[in-house]
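The values are calculated or read from the model by the stated rules, or taken from the named source; none is laboratory data. Note that the coordinates shown come from a computational prediction; the quantities given were computed from them, not determined experimentally. Using ideal geometry, Cβ is built from the backbone for each residue, glycine included, and neighbour counts are taken over all protein chains shown. Accessible surface areas use protein heavy atoms only, side chains included; no ligands, DNA or RNA. Shrake-Rupley method; radii C 1.70, N 1.55, O 1.52, S 1.80 Å.
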Amino acid sequence: MTQLLNGNKLAIDIRKEISKEIEKNIRNKKKRLPHLGIILLGTNSSSLTYVNSKIQECKNIGIESSLIHLPNDSSERELLKEIQKMNNNPLIDGFIVQLPLQKHINSDKIIMSINPKKDVDGFHPENFGKMSLDMKAFVPATALGILTILDRYKIEISGKHTVVIGRSRIVGRPISILMSRKNYLGNSTVTLTHSHTPNIDYYTKQADIIITAVGCPGFLTGKMIKKGAIVIDVGITIVKDGKKSFLKGDVDFNSVYGKASYITPVPGGVGPMTRIMLIKNTLMAALNNENK
Ligand code: GUN
């Protein structure tokens, strides 16, 4: 029997917890509501969908959000200017620059220009480095969402072999570091596979936990996993079928369902957890901000 890891349901629980904390530590103390800034460049349809759902999540929970939407052909300089405005605005507690960025923009330079204290994505090297060294830091929302799913479903990670597919800074790299940390919700033996790994199924067949984040619909099939494996599907691709379009994960759900012990569905698995973890990071930034 395969059990679904229901990210929608967990996100509802966590939304309630965050709302309570906002009530207790912010509203009751008559403090300003947390405020998330979002900078989006261009009109990439996936990015627009992600950004809209992040804004909606802020509304659901009752925190402030501001979107700066720049045209596709904006220069790196213009983007850096908007980042400086967010860095210097005391009313913005944390902000993100939606990725991926256009080819004419140097993403590293952009991420490095974000004030680490407002970097609620946890992508700045200061946060990423601290996270890698088990120090307190903003942790990238998707990776935090995956750890929270495993934690809330009481899935043991310690001593397990985790195979991560994909080494992006958004998911693959941070989750591979977090799963291997000497920490509660860590102590896993991690294999990080990627586009240059020959015979990926050699590794996935040995995995107790598989986390796939490559954005390749149906990539992981039932034949590539061992019976009872825990499968976390991070890939979300918009697939068109005639006039209809729908979301498809990296996992070939039909062949994996029945063989895995647990699986995250797409949609309704990791996605809602990513959004709520971004809010959690924003609340953390707001509380840190007010402690100053
Ligand atoms: N693009 C896809 N996921 C993310 C994310 O978590 N943060 C940002 N900034 N861009 C993304």
Filter region 47-59 for residues that are buried (at least 16 other Cβ atoms within 10 Å of the Cβ) and within 16 Å of Lys16 (Cα to Cα); the one that is nearest to the ligand (Cβ to nearest atom) is Glu57
Result of the Cβ filter at 7 Å on region 132-159, keeping first residues that are closer than 15 Å to Asp121 by Cα and partners that are within 16 Å of the ligand (Cβ to nearest atom) and aromatic (Phe, Trp, Tyr), at least 6 apart or interchain, is Pro140/Phe123
Subset of region 250-274, residues in contact with an Asp or Glu (Cβ under 8 Å, 6 or more places away or on another chain) and under 23 Å from Lys154 (Cβ atoms), comes to Val251, Ile263, Thr264, Pro265, Val266, Gly269, Val270
Within region 16-46, of all residues that are touching a residue at least 40 places away in the same chain (Cβ under 8 Å) and of a type in the set (D, E, K, R), the one nearest to the ligand (Cβ to nearest atom) is Glu21
Kindly indicate whether any position in region 234-254 is away from the ligand (no atom under 16 Å from the Cβ), modelled with pLDDT of 95 or more and out of contact with any strand residue (DSSP E or B) (no Cβ under 9 Å at 6 or more places or on another chain). yes
Within region 152-173, residues being open to solvent by 50 Å² or more (accessible area, probe 1.4 Å) and either at positive phi or more than 16 Å from the ligand (Cβ to nearest atom) (or both) number 7
